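Written below as C-alpha cells is the structure these notes are about.
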Amino acid sequence: MCEKSADRSQDRTTSLLTIPNILCFIRLIGSPALLWVAWQQDQMLFLWTFLGLFLTDWFDGKLAILLNQKSVYGAVLDSFADVSLYASAILGLGWLKWETFQQEVFWITLGVSSYFLTCTVGLIKYGRIPSYHTRAAKICWMLAGLAIVSLLMNWPIWLSRLVIIGIIYTNLEAVAMTIVLPEWTNDLRTLAAAIRMKRKMDAKNKTKFHAD
C-alpha cells in the first residue's frame, strides 16, 4: 500500500514538472527581477527581460496543447504567473516612466480594478480566483505586452489606452461567466460557451430530478 501511495505521489510530481509548467515557474519567479532592473533605471534591460518572460507565456500555452499537457493546475499556475509578470511590469514602469505613469494613472487604475473585480466575484462565489483563459483574455494579454513596450519606447499613448479598454471588456466578460456558471471551471473560450455549459448542467440536473 505504501508503494502504491509513493507511486501516486511520484506520478503527481512528474505531472507537475511538465515543460509548460516549468515555463510558468520561470515567469512567476523571474517577474520580480523586473523590479530590480527598474530600480537600476536600466530601461533596455527592463525591456529585454520583460520580452523574455513574456515569450514564456506564449510558449507555455502552445506547448501545453502540442504536448497534450494541459491541466487544471497548469491553468491556475499560468494565471498566477501572468499576474506576477504584469504586476511587476506595471510597478517597474512606475519607476522608469514616472511622468507618463502619472498621466495614465486613471486608465491603469481602471484596468487593474476590473481585474480585482473578477477575482473578488470569483472568490465570493467559488472561494477561488477564476481561470477561464478566454479568447479575449489571450488577445488582451498579448496586446498588454505590446502596450508596455509602447510605453517604454515612447510610442503613441492611445495604443495603451485602447489595450486597457480591451482588458476591461475581458474582465467584465469573466465576471459575467462567473455569475452564469454554478461551479468553478477553467479554460472556457467565451461567455457564450459558459451559457451553453450552464444550459447543459441545468438539463442534466432536470433529467436527474425527474428520474429520482
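The values are calculated or read from the model by the stated rules, or taken from the named source; none is laboratory data. Everything numeric here is computed off the predicted structure, so don't read it as measured data. Methodologically, a virtual Cβ is constructed for each residue, glycine included, from the backbone with ideal geometry; neighbour enumeration extends over all protein chains shown.
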For residue 140, indicate whether it is within 21 Å of residue 100 (Cβ to Cβ) and within 14 Å of the chain's Cα centre (by Cα).
-> yes
Run down 24, 119 and say which single residue is free of Cβ contacts under 8 Å to residues at least 40 places away in the same chain and not hydroxyl-bearing (Ser, Thr, Tyr).
-> 119
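Among what's in region 48-60 and is surrounded by fewer than 17 Cβ atoms within 10 Å (Cβ to Cβ) and in contact (Cβ under 8 Å) with a residue 40 or more places away in the chain, pick the residue that is nearest to residue 97 (Cα to Cα).
The residue in question is 51.
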Wholly inside region 62-171, helices (runs of 4 or more DSSP H) that include 1 or more residues that are at pLDDT below 85 and either of a type in the set (Phe, Trp, Tyr) or in the same structural domain as residue 18 (by TED's automatic domain parsing) (or both) are 72-96, 98-103, 135-152
The listed residue being in contact with a helix residue (DSSP H, G or I) (Cβ under 9 Å, 6 or more places away or on another chain), basic (Lys, Arg) and closer than 25 Å to residue 187 by Cα, out of 97, 70 = 70
Mind checking whether some residue in region 185-192 is farther than 18 Å from residue 117 by Cβ, in a helix (DSSP H, G or I) and at pLDDT 90 or above?
-> yes
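Just one of 71, 84 is over 27 Å from residue 193 (Cα atoms) and among the small types (Gly, Ala, Ser); which is it? Step through it out loud before you land on a result.
Details: 71 fails: over 27 Å from residue 193 (Cα atoms).
Testing whether each residue is over 27 Å from residue 193 (Cα atoms) and among the small types (Gly, Ala, Ser) leaves just 84.
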